[in-house]
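Working notes, structure below.
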């Protein structure tokens, strides 16, 4: 008798577990459904554009995919492109999730890069110290840059949305001055001296010439993944992560519950800025090895976008950053092999974001479609209806 | 006989619930028909079907004997149905006249004809005897008058069937009486009124007939004069309910909370709490009665530390906590059930587990060092869910999926489980149904009997009177009187809430109050 009851209770438990897992999975599916639909819609509109400029969209998308994920080399290029975006995406996600609007990831990225570059070329140290110190300098540079808007909000009550945007410009011009004057190496180009060998992040080709031939993919990807795992752990398993999440979900509730709002805000901002800065220095030490004025732009903004694409979750934005990196690698390859301007791909990316933001449009379409059905079920009903055989509908 | 409204066999299903299950509902012309039921019984759904906001899955609607089909609320408005929602839909920065005519403004050459707007509003307000000043702005008006504007807005669209969705929730007893007068005068002009409520006093006071819903089903329709609150409660809940909770005598012990000459500012930096002194002993409930907006919110937020005290002192067991942070005060033994449950009480987008640990996430066994113990968090949540009978499919769902009553249980569970020395409960049963109210009241009494000092703030006079051992009345930031719980009458408290004290001194004139305060200071 007792064994029977335990058996049924186990059965019950496992069926409940199963239900719960199913619920979570369907939740996940539901969440990513928006993204998938947005990507599909963007691909369709992108196809129209390609047809207008006289390209076969199927060929373009095939080449895009091949150049992003289709070969070992493509994968390494994607990896190299995705590495900085993972940092900036995580940086953005931390800020978003903590309820802080850090639009200054861009500036923090480059300030971190220049700070790390300086430590990288100015000192002679053994690698075991030099590399970590350079990385630390990047982290601190980014955090310090993020501290300026933080301070302005705490002391003067100025919204960080405005100040983080403005500090991006200041960062760009400050670095321009630094690379043109005090840190300039030769009169010919506005660039800093090259970083010491001891401060460089090895590239895969350095380790094995056959591994990632013709790419600049570097071991910085492991630092990026470590950051992903650590922040994921913080959010899920620590008190700090709990405070961050709660403040992000409801500031008023958190304040009522006794969470120190100032501390959380400052902490979220500094860590977000630090990770952006770390991304900057990793990019320099792994790929460029010196700071050329205006060597690139947009890492921060792309990170913001990847974070949005990934639903602001740590894992989601990491996947989105890799996807974004793949698109970039693919676009690059396209440009080389067929001469299709990569701006076309940028447009597709823009369209993806646009269609994600246009969720209201989905439910609007949905409502039109289901005029006599049940409104308010969103995309799920829309999709369900699409896949339901007509016959069934008649019986309903 | 033809009814004014006839709803036959109405069925409305939402994913996972049948909100209305074969409901028949008929209203006679010129009557006041009360529609009662617990939250989730299907009242609002039924009315939204009648108002054209939802389309029923089955059933027919007849207006004056003629079968109709509403695709949206414009169709129902065209048939003369008007609805006053629970939360007002007014533009605070617009004038009364602008609000009433919004969307249907008389125009001249494509511009809004402001004079005609005013005239129309004056005309309609005269016709129905509802006095309002067409030029004053909504944000400057008390809620009672705002509601009058809402009613006028419906009447302006030529409604002769008026749905009032829980109209008294935000009113004082006096304002409620005024509303009743208004409703009666409207009915006298031939208008039909459907009155949604879950207060029996109101059903008995105003309605001609009453229909009870439970779990989406029609339970019964009665002539009001043939029924009584006890019977209605039984119909609503499906079992016997104690309308007034039995409680034992308080057994007050040492003084826990002492507030001395407290002064707190509101968001506009006006003195909301002017000079409040009070004390609560362990094992007693001090009720704070008063019309909302007389400093209750600021008083509570001042005590729990969300607002700083500009003057005065707050002590717990003799130790001053005036300078402490919210966290420190919580750790010192203060818990609070806040009045805005959806804003302060829970994080709607967070899971129940996360919502239930905000009080103790930094203490063992929930966390150790920096690390949270997810297993303990889940156990903690399931224990509270079963102890407080929170109806939820799982502790992992986000709070917004729960009903209002269950959310309040989440808040109560968390705050009472902390075993506070001082428990503050603000508007603990607002918007809850009879069954939940009984539950909440029982828990508050249990906390008292366990030795907590309880400060109860409520705009619901009945609640204050049935729970409190002592009652203090707050008016314009001052305590205008304190009475013993058992001895107070509704009339006496009502007068004090309006600022009229025994000395016959009318404090409605705010100047005299200010003078009085400045003299005291």
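Between residue A:233 and residue A:59, take the C-beta separation as r, use R0 = 45 Å, and let me know the FRET efficiency to the nearest 0.05.
0.55
Mind sorting A:219, B:467, A:151, B:186 by how few other Cβ atoms lie within 10 Å of their own Cβ, fewest first? Before the final figure, lay out the partial values.
Numbers: A:219 17, B:467 26, A:151 14, B:186 22.
The order, fewest Cβ neighbours first, is A:151, A:219, B:186, B:467.
To make sure I understand, if each residue's beta carbon is the centre and we count other beta carbons within 10 Å, what order do B:395, B:93 fall in, fewest to most?
Fewest-to-most Cβ neighbours within 10 Å comes out as B:93, B:395.
Pull up the DSSP beta bridges for region B:5-237 and report the antiparallel fraction as a percent, rounded to 5.
55
Based on C-alpha coordinates, I'd like the Rg and Dmax of region A:89-191, in Å.
15.3, 45
With only alpha-carbon atoms counted, please give the Rg and Dmax of the protein assembly as shown, in Å.
32.7, 101
Along its principal axes, what span do the Cα atoms of region A:241-297 show, with the longest given first and each in whole Å?
Here the spans come out as 49, 17, 16 Å, largest first.
May I ask for the percentage of alpha-carbon pairs in region B:328-458 that lie more than 18 Å from each other?
Looking at region B:328-458, the distances longer than 18 Å represent 51 percent of pairs.
As a test of the formula, what do you get for the protein assembly as shown when each DSSP H run with n ≥ 4 contributes -39,500 (n - 2.57) and the sum is divided by the residue count, at 222 nm and rounded to the nearest 500 deg cm²/dmol? Intermediate values should be presented prior to the final figure.
Values: 34 runs with 468 residues, N = 917.
Here the helix-only value at 222 nm equals -16500 deg cm²/dmol.
Normalized C-alpha radius of gyration of region B:115-167, against 2.2 N^0.38 Å?
Rounded to two decimals, the normalised Rg is 1.12.
Helix B:434-449 sits at what angle to the longest principal axis of chain B, using alpha carbons and giving 0 to 90 degrees rounded to 10?
On a 0 to 90 degree scale, this one is about 10.
Distance from the Cα centre of region B:286-327 to that of region B:346-365, in angstrom?
Each part's Cα centre sits 24 Å from the other's.
Considering only DSSP beta bridges whose two residues both sit in the protein assembly as shown, what percent are antiparallel, to the nearest 5?
Expressed as a percentage, antiparallel bridges in the protein assembly as shown total about 60.
How many nm is it between the label spots at residue A:124 and residue B:374, if each spot is 7 Å from the Cα in line with the beta carbon?
5.1
Just tell me how shielded B:339-347 is by partners: mean number of partner chain Cβ atoms within 10 Å of each residue's Cβ, no decimals.
Taking all residues of B:339-347 together, the mean is 4.
Could you state the number of Å between the C-alpha centres of region B:36-56 and region B:157-223?
If we compute the Cα centre of each part, the gap is 15 Å.
Output the 0 to 90 degree angle, nearest 10, between the alpha-carbon long axis of helix B:404-417 and the longest principal axis computed from the alpha carbons of chain B.
On a 0 to 90 degree scale, this one is about 0.
Report, in cubic angstrom per residue, the convex hull volume of the C-alpha atoms of region B:5-237. Each step should come with its number before you reach the end.
Working: hull volume 29.9 nm³, N = 233.
Looking at region B:5-237, the number lands at 128 Å³ per residue.
Tell me the angle of helix B:374-387 to the major Cα principal axis of chain B, expressed in degrees between 0 and 90 and rounded to the nearest ten.
The two axes meet at around 60 degrees.
Please compute the contact order of chain B in relative form: average sequence separation of alpha-carbon pairs under 8 Å and at least six residues apart, divided by the residue count, as a percent.
It rounds to 14 percent for chain B.
Taking the beta-carbon count within 10 Å as an exposure proxy, list A:239, B:409 from fewest neighbours to most.
Placing the least packed residue first, the sequence is A:239, B:409.
Report the Cα centroid-to-centroid distance between region A:276-302 and region A:118-177 in angstrom, as an integer.
Their Cα centres are 13 Å away from one another.
Please state the Cα pair-distance histogram of region B:356-432 with 10 angstrom bins from zero: what percent is in each bin?
So the P(r) values, bin by bin, are 18, 48, 30, 4, 0.
Calculate, in whole percent, how much of the Cα-Cα pair population of region A:196-333 lies beyond 27 Å.
Details: 3003 of 9453 pairs.
I get 32 percent for the Cα pairs in region A:196-333 exceeding 27 Å.
Just for chain B, what percent of DSSP beta bridges are antiparallel, to the closest 5?
Working: 49 of 85 bridges.
Once the DSSP bridges in chain B are tallied, antiparallel ones form about 60 percent.
From zero up to wherever the largest Cα-Cα distance of chain B sits, split into 10 Å bins and tell me the percent of pairs in each.
Cα pair-distance distribution for chain B, in percent: 4, 17, 25, 26, 19, 9, 2, 0.
Can you give the translational diffusion coefficient of region A:76-339 in µm²/s, computed by Stokes-Einstein from the Kirkwood radius over Cα pairs at 37 °C and 0.692 mPa s?
In µm²/s, the coefficient is 177.
The numbers here are math on the coordinates, done by the rules we state, and not lab data. Everything numeric in this text was worked out from a predicted model, so none of it was measured. Note: ideal-geometry Cβ built from the backbone for every residue, glycine included; neighbour counts use all protein chains shown.
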